[in-house]
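Trainee: This is the structure, below, for whatever I ask next.
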Amino acid sequence: MIVAPRAANGHDLVQGNQTYTIATLGSHSALQILKGAHDEGFKTLAIVNPQTERLYRSFEFVDDVVVIPRYEDFPQNMDVLEGRNAIIVPHGSFVAYLSLDEHKKMTTPYFGNKSILDWEASRELQREWLTRAGLRLPRQFKTGAEIDRPVIVKLYGARGGKGYLFLRNSHDFEQRAAQLARQDYILQEYIIGVPLYIHYFYSPLTGKLEIMSMDRRYETNVDSLGRIPSQAQEGMSLSPSYVVVGNSPLSLRESMLAEAYEMGENVVRISRDLCPPKGLFGAFCLETIITPEAEFFLMEISARIVAGTNLFIDGSPYSYLHYSEPMSTGRRIAREIKNALMANSLDLVLDDSHTR
Amino acid sequence: MIVAPRAANGHDLVQGNQTYTIATLGSHSALQILKGAHDEGFKTLAIVNPQTERLYRSFEFVDDVVVIPRYEDFPQNMDVLEGRNAIIVPHGSFVAYLSLDEHKKMTTPYFGNKSILDWEASRELQREWLTRAGLRLPRQFKTGAEIDRPVIVKLYGARGGKGYLFLRNSHDFEQRAAQLARQDYILQEYIIGVPLYIHYFYSPLTGKLEIMSMDRRYETNVDSLGRIPSQAQEGMSLSPSYVVVGNSPLSLRESMLAEAYEMGENVVRISRDLCPPKGLFGAFCLETIITPEAEFFLMEISARIVAGTNLFIDGSPYSYLHYSEPMSTGRRIAREIKNALMANSLDLVLDDSHTR
Amino acid sequence: MIVAPRAANGHDLVQGNQTYTIATLGSHSALQILKGAHDEGFKTLAIVNPQTERLYRSFEFVDDVVVIPRYEDFPQNMDVLEGRNAIIVPHGSFVAYLSLDEHKKMTTPYFGNKSILDWEASRELQREWLTRAGLRLPRQFKTGAEIDRPVIVKLYGARGGKGYLFLRNSHDFEQRAAQLARQDYILQEYIIGVPLYIHYFYSPLTGKLEIMSMDRRYETNVDSLGRIPSQAQEGMSLSPSYVVVGNSPLSLRESMLAEAYEMGENVVRISRDLCPPKGLFGAFCLETIITPEAEFFLMEISARIVAGTNLFIDGSPYSYLHYSEPMSTGRRIAREIKNALMANSLDLVLDDSHTR
């Protein structure tokens, strides 16, 4: 369905007479994606709403802006992409605003493998994937009665940490039972350790995995509780919340880097069994907690660019090991699409699961 | 009073035969300001004291160093700037060492609008400014008896977080009453959420606002309390203190960036009513707390370059969206002065409130 | 023993016909060291084990990889360096894997002064060094009975924070007495304040000290305890651990920078008395806690490159004040070796204590 450029001349990103346009929704990591696309020579398009229009228009690397009423309406407004020679680069907000079905119905060229979304969206399938990759996962409890240690309750569809609940024990669970009664959720062991999110990029063109950067989330209110002395907390009946409002940068002890690299490789390898033949490619993130035994516990996988990479729009200590230019994950995606065009193999980096 | 270059030739920063010198006090963000000025082609001058002389002399981009006995003596030593074709770029330490009156009496060309200082220095006027800009502010209490939730007591003139006091309730207040008796202070609701400081630059030449970078303060001892388990804290009778000794970098969730941008625009817009015609321009910072509802609460505005920008002397992920070079806020200031010189409009970026 | 290049031609890093190779163990800060060496024109060699081989081979700047069974076996495998014109750049893992004696027996050219290792390895000698440099140190207690405030117990040879123990009082000490009975340790006052690690580089060629960057360690589990509300902590019987698994970046209040610079200078100055004539040179780190009185307390000195510099492989806000290129500490080391070669003075930057 995708027509690669007539001649892979190695110089432009043109199909017929028209330059390719990288398009995305104005949210999450769109600035990074579009800046990166611009730096790699693409035209760029931001799909925005009236609230975000001013912001995205203020950046020179955004060539074109299309306003839709609400991001939820994007599936009904796909025609704004027609005739633009557009390639969509998805990010975290796509999952928030588009259903799996709407993802699959989209016919615009799409960077990534849509069939992996099923394995990510279902907590059970995701657990199977990570387990088969040999990763260490927190215990899960099926019922409140089983709980024998602190847990995190994660409501289905909870995004950005909203709707996470901390429970100390099964007694806590009973008290919340009414609140949880009609909801779907998982009960996950609360691992005591420090969070670390590892941003990877897997290139289907070279078959190589790169570690791009690392961060931890900045969550309100839990990341401010420690600033209140415990005596003061007592009178305040604080309940912790995990709403992600930003990120802060980290580096990982180098002696643990080989294991981090291997975890990424294993996740990619297994994904080829799950969604053959392409499996997972492009950007993804492993969200870990590291215990005092220096063991990684896997909380979640995000099968696309994550917001933590926004810390590194001007490059990261890790990406600098591979690239002499500031290489964000967003730019790395554009570079991959460019390389595919140069090699006359655009189909290698686009979804074709919906045509199979 | 300021004579712009005879010819705006677009090539040098020369008045008559003399290059302009960017001058500042050796403290706060002086390294960034002078490095930025050097990179933009200015001569640079650090006004130092005997304790800081060695440090500032160790940098090659500092062309000239003038030693005065104490920074408090700067107003009496203004003549050191004479005959140097100097433009002063102020930073946070200026407010600490110079009174409002001394600021206004300074006749050396001064980047920024001095009349905005009145609106910043008075907590009441600042509150009026931010409220008129439509920003969300924490509640304030007039008397100890009114306190119905945790508060921060901020002594008037408290700098760098020194002299902040945390009180759980009105009972705490009574216990501290003696200590507070002869002081001026405000009682501000303690907002539970995570701090985020947003660094802006507003260009009077282009009329455009830019987000330069973001940070949070690194405060002793509150930022270490969380490392002590609550049981251990109990025997230790810890009282939290908020002395700022550094900063750490952050990024903001992109879906909240449009609101952050708008807050900055509103603050600038209202400032033109308060201090017409120029209002606030150049660097400024909004100091926010973000709640679990993802709402920004405004703690304070700093109407100049803040120390948090020192994390980004080599550029930030946000400034990289606008500039292909490492663009610190200090360098952005020098760039603005240079652009004004090029356009024969130096007066647009200098204070003229004292001559009005 | 070291033969400098025949002609200091200022263009290549060649001895006879052979380019110098920078070699190090594949761990800790090896990526930074080898990337920096590559960027300065050296050949690079990573000595790895079967677990880390894949990782180090994945980087193009690693010219050569030698696999040994275990890092502990490095002293028995020194011959892998023969005939390679190698210069070893040591890092923190060297101290973990090689005894002081093995360090001294190594005959391969070695960046740094091995005799300083004695002063660093012994906690008593280190204390003498830092005290003579005029630095503020935490109190130490000789016996458990003396303890009159919270302390950190540091086992001898504890690496990366493993084996640190927090005790509130002498009662806590008694409860742990059995566990500590047969061990060597020190009892160090627990200073309440925020940690800041300052990375320095002292050049024996220019006699100048540079501040390269700053960080704090990321320790599991203490850096996550604050995220658990105190009420929840109570039922969980948490004991804090200090295992370092990463780092996060910081900047220091500029008004404290002169003191930080002076501390570094004093440490270097005294080291020349301790280990004449060269003393400490190259990279080192002062590990401080800053109290609410804005006083630095010195926890420890590391007499070499520390892992916190891994945050700044692509440069830091502080190194950018001196260098227009991304200058990591690893690259700064390579630059120093290159400068020494250019000046025909390689011996100035290599250890000669073992030949004295």
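The values are calculated or read from the model by the stated rules, or taken from the named source; none is laboratory data. Values in this document were obtained by computation on a predicted structure and should not be read as measured data. FYI the Cβ positions are ideal-geometry reconstructions off the backbone, even for glycines, and counts take in every protein chain you see. These accessible areas exclude ligands, DNA and RNA; they are computed on the full protein's heavy atoms, side chains included. Shrake-Rupley method; radii C 1.70, N 1.55, O 1.52, S 1.80 Å.
Trainee: What are the ³J(HN,Hα) couplings of region C:113-121, residue after residue, when phi is run through the Karplus curve with 6.51, -1.76, 1.60 and θ = phi - 60°? Round to Hz, x for glycine and proline.
Mentor: 10, 5, 5, 6, 4, 4, 6, 8, 5
Trainee: If one computes P(r) from the Cα atoms of chain C, what percent of pairs lie at distances over 39 Å?
Mentor: Numbers: 10624 of 63190 pairs.
That tail contains 17 percent of the Cα-Cα pairs.
Trainee: Right, here's the next one. Which net charge results for the neighbourhood of C:ALA303, defined as the other residues with beta-carbon distances under 11 angstrom from its beta-carbon, given Lys and Arg at +1 and Asp and Glu at -1? Don't skip to the answer; put the middle values down first.
Mentor: Values: positive: C:LYS114, C:ARG304; negative: C:ASP118, C:GLU120, C:GLU300.
With Lys, Arg at +1 and Asp, Glu at -1, the net is -1.
Trainee: When you have a sec, figure out the Kirkwood radius of region A:39-179 from all distinct Cα pair distances and drop it here in Å to one decimal?
Mentor: Averaging 1/r across every pair of different Cα atoms and inverting gives 18.6 Å.
Trainee: Which of the aspartates and glutamates could a cross-linker span from B:LYS114 if the Cα-Cα distance has to be under 12 Å and same-chain partners fewer than 8 positions apart are dropped?
Mentor: The reachable aspartates and glutamates, counting only those whose Cα sits under 12 Å from B:LYS114, are B:ASP101, B:GLU102, B:ASP351, B:ASP352.
Trainee: Still on this structure: Note the buried accessible area between C and B here, summed over both chains, with a 1.4 Å probe, in Å² to the nearest 100.
Mentor: Looking at C and B, the buried total is near 3900 Å².
Trainee: I would also like to ask the following. For region A:21-36, list whatever residues lose no less than 50 Å² of accessible surface once every protein chain is in place, relative to that chain by itself, with the probe at 1.4 Å.
Mentor: So the qualifying set is A:LYS35.
Trainee: So if R0 is 41 Å, what FRET efficiency would C:THR206 and B:ASN266 give, r being the distance between their Cβ atoms, rounded to the nearest 0.05? Intermediate values should be presented prior to the final figure.
Mentor: On the way: r = 50 Å, r/R0 = 1.23.
The formula returns an efficiency of 0.20 here.
Trainee: Under the rule a/c < 1.5 gives rounded, and otherwise a/b versus b/c splits prolate from oblate, where does region B:261-356 land using the Cα gyration tensor? Walk me through the intermediate numbers first.
Mentor: Details: a/c = 2.30, a/b = 1.19, b/c = 1.93.
Oblate, because a/c is 1.5 or more while a/b does not exceed b/c.
Trainee: Can you give the alpha-carbon Rg of region C:80-137 over 2.2 N^0.38 Å, where N counts its residues? Could you put the intermediate results ahead of the total?
Mentor: Working: Rg = 14.1 Å, N = 58, 2.2 N^0.38 = 10.3 Å.
Compactness ratio reported: 1.37.
Trainee: May I pose another question? For a 30 Å ceiling on Cα separation, which of these pairs sit above it: A:LYS208/C:LYS162; A:LYS104/A:LYS162; A:LYS154/B:LYS162? Kindly include the intermediate steps, with their values, before the conclusion.
Mentor: Numbers: A:LYS208/C:LYS162 34 Å; A:LYS104/A:LYS162 26 Å; A:LYS154/B:LYS162 40 Å.
Exceeds cut-off: A:LYS208/C:LYS162; A:LYS154/B:LYS162.
Trainee: Per residue of region B:93-99, in order, report the coupling 6.51 cos²θ - 1.76 cosθ + 1.60 (Karplus, θ = phi - 60°) as ³J(HN,Hα) in whole Hz, putting x for Gly and Pro.
Mentor: 5, 4, 5, 6, 9, 10, 6
Trainee: Tell me the carbon and sulfur percent of the accessible area for the protein assembly as shown, rounded to whole percent, probe radius 1.4 Å.
Mentor: Numbers: 17870 of 39400 Å².
Accessible surface attributable to carbon and sulfur in the protein assembly as shown totals 45 percent.
Trainee: Starting from a label point 7 Å past Cα on the Cβ side, list the distances from B:ARG149 to the same position in the other copies, nm, shortest first.
Mentor: Label-point distances to the other copies, shortest first: 3.6, 3.6 nm.
Trainee: Another question, then. Applying the Karplus parametrisation 6.51 cos²θ - 1.76 cosθ + 1.60 with θ = phi - 60° to the phi angles of region C:79-89, what ³J(HN,Hα) value in whole Hz is obtained for each residue in order, glycine and proline being reported as x?
Mentor: 5, 4, 8, 5, x, 10, 6, 8, 10, 7, 10
Trainee: With a 1.4 Å probe on protein heavy atoms only, tell me which residues of region A:289-309 lose at least 50 Å² of accessible surface in the complex relative to the chain by itself.
Mentor: A:PRO292
Trainee: Could you tell me what percent of the DSSP beta bridges with both partners in the protein assembly as shown are antiparallel, to the nearest 5? If you can, show how the numbers build up before the last one.
Mentor: Details: 132 of 171 bridges.
In the protein assembly as shown, DSSP labels about 75 percent of beta bridges as antiparallel.
Trainee: OK, next. What are the label-to-label distances in nm, one decimal and shortest first, from C:GLN183 to the same spot in the other copies, with labels 7 Å along Cα to Cβ?
Mentor: Copy-to-copy label distances at C:GLN183, shortest first: 4.2, 4.2 nm.
Trainee: Long-range amide H contacts for A:THR288: which residues qualify at under 5 Å (H placed 1.01 Å from N, peptide plane, sequence gap of 5 or more or a different chain)?
Mentor: It is A:LEU196, A:TYR197, A:ILE198, A:MET299, by chain and number.
Trainee: Name the residues whose placed amide hydrogens come within less than 5 Å of the amide hydrogen of A:GLY246, ignoring near sequence neighbours (fewer than 5 apart) on the same chain.
Mentor: A:TYR218, B:ARG253
Trainee: Additional query: If you take the alpha carbon radius of gyration of region C:310-356 and divide it by 2.2 N^0.38 Å, what ratio comes out, to two decimals?
Mentor: Against the empirical 2.2 N^0.38 Å value, I get 1.41 for region C:310-356.
Trainee: When ligands, DNA and RNA are left out and all protein chains stay put, how many square angstrom of accessible area per residue does the protein assembly as shown have with a 1.4 Å probe? Spell out each step's value before the answer.
Mentor: Working: 39400 Å² over 1068 residues.
Here the residues of the protein assembly as shown average 37 Å² of exposed surface.
Trainee: Under a cut-off of 12 Å between alpha-carbon atoms, report the aspartates and glutamates in cross-link reach of A:LYS35, not counting same-chain residues fewer than 8 places apart.
Mentor: Answer for A:LYS35, where 12 Å is the Cα cut-off: A:GLU60, A:ASP63, A:ASP314, listed by chain and number.
Trainee: How many nanometers, to one decimal and shortest first, lie between the label point of B:LEU100 and those of its other copies, if labels sit 7 Å from Cα toward Cβ?
Mentor: Those label-point separations list as 6.2, 6.3 nm.
Trainee: Residue of C with Cβ nearest the axis relating C to B, plus distance in whole Å?
Mentor: Its Cβ sits closest to the axis: C:GLY226, 1.
Trainee: Relative to 2.2 N^0.38 Å, what does the C-alpha radius of gyration of the protein assembly as shown come to as a ratio? Two decimals please.
Mentor: On the way: Rg = 29.1 Å, N = 1068, 2.2 N^0.38 = 31.1 Å.
Working it through for the protein assembly as shown, the quotient is 0.94.
Trainee: On to the next question. I'd like the FRET efficiency for B:ARG139 and C:ASP79, computed as 1/(1 + (r/R0)^6) with the beta carbon distance as r and R0 of 56 Å, rounded to 0.05.
Mentor: Numbers: r = 73 Å, r/R0 = 1.30.
Efficiency computed from Cβ-Cβ geometry: 0.15.
Trainee: Let me ask you something else. Taking a temperature of 20 °C and a viscosity of 1.002 mPa s, what whole-number D in µm²/s does Stokes-Einstein yield for region A:162-303 with Rh from Kirkwood over alpha carbon pairs?
Mentor: Numbers: Rh = 17.7 Å.
Reported coefficient: 121 µm²/s.
Trainee: Please give me, ordered by residue number, the trypsin sites (Lys or Arg not before Pro) of region A:30-78 that lie in loop per DSSP and have at most 15 other Cβ atoms within 10 Å. List each step's numbers first, then the result.
Mentor: Numbers: sites: A:LYS35, A:LYS43, A:ARG54, A:ARG57, A:ARG70; in loops: A:ARG70.
Loop-located and lightly packed - A:ARG70.
Trainee: I need the shape label for region A:41-112. Rule: rounded when a/c is under 1.5, else prolate if a/b > b/c, else oblate, with a, b, c from the alpha carbon gyration tensor.
Mentor: Numbers: a/c = 1.75, a/b = 1.28, b/c = 1.37.
It is oblate, given that a/c is not under 1.5 and a/b is not larger than b/c.
Trainee: Give me the residues in region B:199-238 whose solvent-accessible area, probe 1.4 Å, is reduced by at least 50 Å² once all protein chains are included instead of the chain isolated.
Mentor: B:TYR218, B:THR220, B:GLY226, B:ARG227, B:PRO229, B:SER230, B:GLN231, B:GLU234, B:MET236
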